[in-house]
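The values are calculated or read from the model by the stated rules, or taken from the named source; none is laboratory data. What you are looking at is a predicted structure, and each value in this text was computed from that prediction instead of being measured. Note: ideal-geometry Cβ built from the backbone for every residue, glycine included; neighbour counts use all protein chains shown. Protein only, heavy atoms only, side chains kept; ligands, DNA and RNA dropped before computing areas. Shrake-Rupley method; radii C 1.70, N 1.55, O 1.52, S 1.80 Å.
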Amino acid sequence: MDRDVVRELYDREMRRGARADGPGVRVERAGAVVRQTGGRDDWNGVLWSDLDDATADAAIAEQIRHFGGADRAFEWKLYAHDRPGDLGERLRAAGFVPEPEETLMVAHVAELDTAVEPPQGVRLLPVTDAAGVERVVEVHERAFGDDGAALRHRLLAQLAEDPDTVVAVVAMDGDRPVSAARMELPPGAPFAGLWGGGTVPE
């Protein structure tokens, strides 16, 4: 796999050419910025930008005005190869607080070994209804220590309005949900996304 080719494909398809990731949200191209805008419980933020030393600060200020005026939390997805090279410092100077670093991993699905059995006594349940969503949210909150309200809102909306765009599963140890993950399937996109993968500490 050629990392540069895959990165360019990912940027083109999933960032510059992003599709709305759920019902009731929209992707907007505002100058050199691609952003997603939705309600308070949706993910809001900047997905991609094409900035330089001369344009970065004004673009940052514009996004703060756009999202801040609607009184909703928002994020700027910053990748290591985004430009200008000091974009992270500029975002911090404008009041953004960095979250822990994440790693983007890409693999050809056909090349993955997917024949994995869960540990003895653990069974996997597909998430297809509100009860399943509550199990996923419980795992999320216990595994990651943050509020699962936005995840609940997102999964319930997807299952109700666009069920072909998400596959979620929860691992049960007896009656206890102990691990959960989901796969996002943006229509027409060459990438699917694996999210969550949270397991409760014990």
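Solvent-accessible surface of the chain, taken per residue with a 1.4 Å probe and all protein chains present: 61 Å². Identify, among Ala61, Val200, Ala150, the residue whose Cα sits farthest towards the positive end of the charge dipole of the chain, taking +1 on the Cβ of Lys and Arg and -1 on the Cβ of Asp and Glu, with the dipole about the Cα centre. Toward the positive end, the furthest listed residue is Ala61.
Amide H contacts of Trp48 (H built 1.01 Å from N, in plane; Pro and chain starts excluded): Val34 sit under 5 Å, all sequence-distant by 5 or more or on other chains.
Surface listing: Val109, Val200 arranged by accessible area from highest to lowest gives Val109, Val200, probe 1.4 Å. Amide hydrogen proximity for Ala181: with H placed 1.01 Å from N in the peptide plane, the residues at 5 or more positions away or on another chain lying under 5 Å are Val169, Gly197.
Helix 56-68 axis versus longest C-alpha principal axis of the chain: approximately 50°, rounded to the nearest ten. Relative contact order of region 65-202, taken over Cα pairs closer than 8 Å and 6 or more residues apart, is 19 percent. A 1.4 Å probe over all protein chains sorts Phe191, Phe144, Phe74 by accessible area into Phe144, Phe74, Phe191, starting with the largest.
For the chain, the longest principal axis of the alpha carbon atoms and the long axis of helix 130-144 meet at an angle near 70°. Taking other residues whose beta carbon is less than 11 angstrom from the beta carbon of Gly31, and scoring Lys, Arg as +1 and Asp, Glu as -1, yields -1.
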